Number of protein chains: 2
Amino acid sequence: MAKRSEGLPEKDRQERILDAVLHLLAEGGISAVSMRAVAREAGVSLGLVNYHYADKTRLIAAALRRIEAQDIALLEPDADLAPEERLRKALARVADPEFLTTAYLSLRLQLWALAQAHEEFEQINTDAQKRYRAELARLIRAARPELSRADAARRAADIDVVQNGLWLTALLGLDRRSIARSVERCVSIALE
Amino acid sequence: MAKRSEGLPEKDRQERILDAVLHLLAEGGISAVSMRAVAREAGVSLGLVNYHYADKTRLIAAALRRIEAQDIALLEPDADLAPEERLRKALARVADPEFLTTAYLSLRLQLWALAQAHEEFEQINTDAQKRYRAELARLIRAARPELSRADAARRAADIDVVQNGLWLTALLGLDRRSIARSVERCVSIALE
DNA sequence: CGGGGGATTGAACGATCGTCCAGACGCTCG
DNA sequence: CGAGCGTCTGGACGATCGTTCAATCCCCCG
């Protein structure tokens, strides 16, 4: 049973542990993520990390799966907008300073690097990417109902390429104007 | 003095050591790069690695600097083509299966991840990126002399974004057709 | 030939790694 | 109350890490 003594403002310990993993990963890469560093950052004992996550692989996998939700959430719109405006807003949101933080971008990059180095993490990553593209295609078809499913999927894939490049280039420190132009390019790909 | 006993087909030991670093980095990420693993992969003793590169940071920095040349070389054309054709060829080459290998892409990603985690490696990376973009702008202006220097630089930056996304997406396993479309997009950005 | 210096080796150091485990804590239920 | 159970702690294990170092090798020069 979860504790939930009502007086405690502190988050669930498992949450705190995953937060710590993501924070360390974004800050110093995978080499900065040791079981002890995670425990210290989360403010729990070393033993507890291994208690909740049997080994390091499972710990990192759990942390990675927690980023997925955040990525897909980028596409979730305020539902009361017209479909086209909803799509425009979703495409603009990837460049929103609120989401496009260094920490988030760095996290993304480390996730990709991990996926390239370990098969297990690669699966988590490709699954997330597939879900993201499907959701994007759905938004496009809502805004342009005359498109075939295949056409919408193709446009979603093209947008994904530019967005990946946009994220990556933002991380590497390009100026904001070329990012704005890239967002505009995504809009025109989506809406012709 | 370098040995260079003429009978030996084996490369310089320092070269072999850097090769080993890059191979391990591409294959298993930074966690796979230990001094011992590098020595084993290069077929030399552990001590020699530390003899040529005083510590691990300097070893990796030397390896990263060796990738730069390869990146810039992507833009170097056969000199006997017309400027526009030279540019088209350079832009197409980033998607050439000969360069777009998994090993090379993975290496690039690990480089970016490293740059994000350590200041020292970040400097190496941004320097290389700057040189790449300048060289690309030069090619564009050769093909379109009527463009101002600023316009050419702007186009080079836009192309860099799409190319980064192209590389990244190729690495993440997207289909070849969307890559081809992205190459075409780079061409039209460059030549209007 | 004898010596000097760069190249190369592998053993050894202390630190840190992931994992394991015996036990303590706090809570519920019979 | 006491037995049971999920939660949590920190010490201990062997493995591996980066680094250091004395000793050896090889080759050129005097």
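Readers should treat all values here as calculations from the given coordinates under stated rules, not as data from a laboratory. This one's a predicted model, so the numbers in the text were calculated from it and none came from an experiment. Methodologically, a virtual Cβ is constructed for each residue, glycine included, from the backbone with ideal geometry; neighbour enumeration extends over all protein chains shown.
When the square roots of the Cα gyration tensor eigenvalues are ordered a ≥ b ≥ c, the ratio a/c for the range B:80-192 is 1.5 or more and a/b does not exceed b/c, which makes its shape oblate. Computed over chain B, the per-residue total of -39500 (n - 2.57) for DSSP H runs of n ≥ 4 gives a 222 nm mean residue ellipticity of -24000 deg cm²/dmol, rounded to 500.
Using +1 at the C-beta of Lys and Arg and -1 at the C-beta of Asp and Glu, which of B:Ala190, B:Leu166, B:Ala73 has the Cα lying farthest in the positive direction of the dipole of the range B:66-191? Working it through, the farthest residue towards the positive pole turns out to be B:Ala190. The residue list A:Leu136, A:Trp112, A:Thr102 was ranked by how far each Cα lies along the charge dipole of the range A:41-136 toward its positive end, using unit charges on Cβ atoms, and A:Trp112 comes out on top.
Chain A residue nearest by beta-carbon to the axis mapping A to B, with distance in Å: A:Gly165, 1.
In straight-distance terms, cross-link reach from B:Lys11 covers every one of the aspartates and glutamates whose alpha-carbon lies under 19 Å from its own, apart from those fewer than eight places away in the same chain; here that gives B:Asp19, B:Glu41. Helix A:102-117 and the longest principal axis of the C-alpha atoms of chain A enclose an angle of approximately 80°.
If you plug the beta carbon distance of A:Glu84 and B:Asp151 into 1/(1 + (r/R0)^6) with R0 = 30 Å, you get a FRET efficiency near 0.45. Taking the C-alpha atoms only, the angle from helix B:149-172 to the longest principal axis of chain B is near 60 degrees. Please determine, in degrees from 0 to 90 and to the nearest 10, the orientation of helix B:13-28 with respect to the longest principal axis defined by the Cα atoms of chain B, where the helix direction is its Cα long axis. With rounding to tens, the tilt is 70 degrees.
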